[in-house]
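Right, one structure below, let's go through it.
The values are calculated or read from the model by the stated rules, or taken from the named source; none is laboratory data. As the structure is a computational prediction, the values presented were derived from the model and not from experiment. Quick reminder, even Gly has a Cβ in these numbers, built from the backbone with ideal geometry, and neighbours come from all protein chains shown. Heavy atoms of the whole protein, side chains included, go into the accessibility calculation; ligands, DNA and RNA do not. Shrake-Rupley method; radii C 1.70, N 1.55, O 1.52, S 1.80 Å.
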Amino acid sequence: MLTPWAIKKIEHLTLDTLPISCFGEQCWGFVSVHRINFALGVFHSVLAVLLIGVRNSRSGRAAIQNGYWGPKIMAWLALIVLTFLIPERFFIVWGNYFALIGAMLFLLLGLVLLVDLAHSWAETCLANIMENDSRIWRGILIGSTLGMYIGGFVLTIVMYVYFAGEGCKMNQAAITVNLLLFLIVSFISVHPTIQEYNPTAGLAQSAMVAIYCSYLTMSAVSMEPDEHRCNPLVRARGTRTASIVLGAIVTLLTIAYTTTRAATQAPALGRSSSPSQGGYSTLDAGDNEHNLISTEPTRAQMRQEALRSSVEDGALPASALDEDTDNEDDDNSRSGDDEKGGTQYSYSFFHIIFVLATAWTATLLTMSIEPGKGDEEGFTPVGRTYAASWVKIISAWVCYAIYVWTLVAPWLFPDRFDY
């Protein structure tokens, strides 16, 4: 939708009844991109509303989430067609204000998840090392940490060599600040005070955060305009095309990871472990004050209690509880259904995350679009403006700030953390 070819093709398919323009000038896809992403956002919004309150797969509405793929695809395509009947001025306002707010929320969520991933990765390695004294996990932890630090320093050197020449003060400042923050967070993570209150903190988390923020800074300086001759990639046609393709791939992978991880990580946002939320509870022991058993347990209850005891003792995996439920209710469920006792994630929250993702995608694609300007041939660069570069640079700084907060919070509020 960013190419003149696509716009002219759409105008032709609509018999020239829907001229795609912004204030009388060619938009080069601004409105078209927002139409398609708006349709997808509406689609996910409707599903989010329809799935409110679904607690397990036995609910009749659960099938909307897990099935009906044909009708859902047709509904989505119908929404795309309907959006082309909406006046263009609506999408000018939508894209410049509402989509921008959703994009900022999604970007912030991605940074939080990156910091969470860094901590989860390090804690997983440490847990395996402590429990099994595993040399393999120790090697993985040390090797990955060294590899990411080396990668971060290599990116920094490359940026200084190719993007921080004479007259490129913006790039010089951005690269230097990133390097200083790189070193500062590494020092804080191993400071004795931080280690006392947060013993799981270390260089492994800092390395992951540092290389990601270095990548954001590298992406920022490599996608800026070449007005001051600070971006050699713009002048190298082959390298320019490769950088656009690589940037698109990385962007899509980042969006895919953020949406799926955020949408399925409701427990991190305070989801309970009750059966209605995907956990297991004790058997109903009656409503009396002392939980005295007043009725004779059924065979199913006795079997469930025996299985529960085996799971608690470690003799059976937790999935055995689901398998037992499958045997009890084969008529109403599928074998191996792990959401009969409770959904593994919030269906509605899942779609809310995707609504934010559509806003971020549309904003990212149209950030460099100006009315009346475009590239007639070849790939269309995404985000090639100083504003887009600064968004990435500031995002890296925010990521560092979030990570530092996770390090110092146990020290500032020791009563709220239990290590």
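Solvent-accessible area of Phe349, all protein chains in place: 50 Å² (probe radius 1.4 Å, heavy atoms, ligands and nucleic acids excluded). Between Val408 and Lys169, full extension at 0.36 nm per residue minus the direct alpha carbon distance yields a gain of 82.8 nm. In segment 88-190, a dipole from Cβ-located charges (positive for Lys and Arg, negative for Asp and Glu) runs towards its positive end, and of Leu100, Met159, Leu141 it is Met159 whose Cα lies farthest in that direction. Computed on protein heavy atoms with a 1.4 Å probe, the accessible areas place Lys72, Lys392, Lys169 in the order Lys169, Lys392, Lys72, largest first. Using the Cα gyration tensor of segment 189-231, with a ≥ b ≥ c the square roots of its eigenvalues, what is the shape: rounded (a/c below 1.5), prolate (a/b larger than b/c) or oblate (neither)? Verdict is prolate for segment 189-231.
Using a 1.4 angstrom probe with every protein chain in place, what is the largest-first accessible-area order of Tyr197, Tyr347? Spell out each step's value before the answer.
Values: Tyr197 80, Tyr347 5 Å².
So the residues, ranked largest to smallest area, are Tyr197, Tyr347.
A Cβ-based charge dipole, computed about the Cα centre of segment 86-178 with Lys and Arg at +1 and Asp and Glu at -1, lands at about 200 debye. Rounded to the nearest 10 square angstrom, Tyr162 shows an accessible area of 140 square angstrom against a 1.4 Å probe.
Leaving ligands and nucleic acids out of the surface, order Leu252, Leu50, Leu407, Leu2 by accessible area at 1.4 Å, largest first.
Per-residue accessible area, sorted high to low, gives Leu252, Leu50, Leu2, Leu407.
Does segment 101-179 classify as rounded, prolate or oblate by the C-alpha gyration tensor (a ≥ b ≥ c root eigenvalues; a/c under 1.5 gives rounded; else a/b over b/c gives prolate, otherwise oblate)? Display every interim value, and only then the final one.
Values: a/c = 4.97, a/b = 1.59, b/c = 3.12.
In terms of gyration-tensor shape, oblate.
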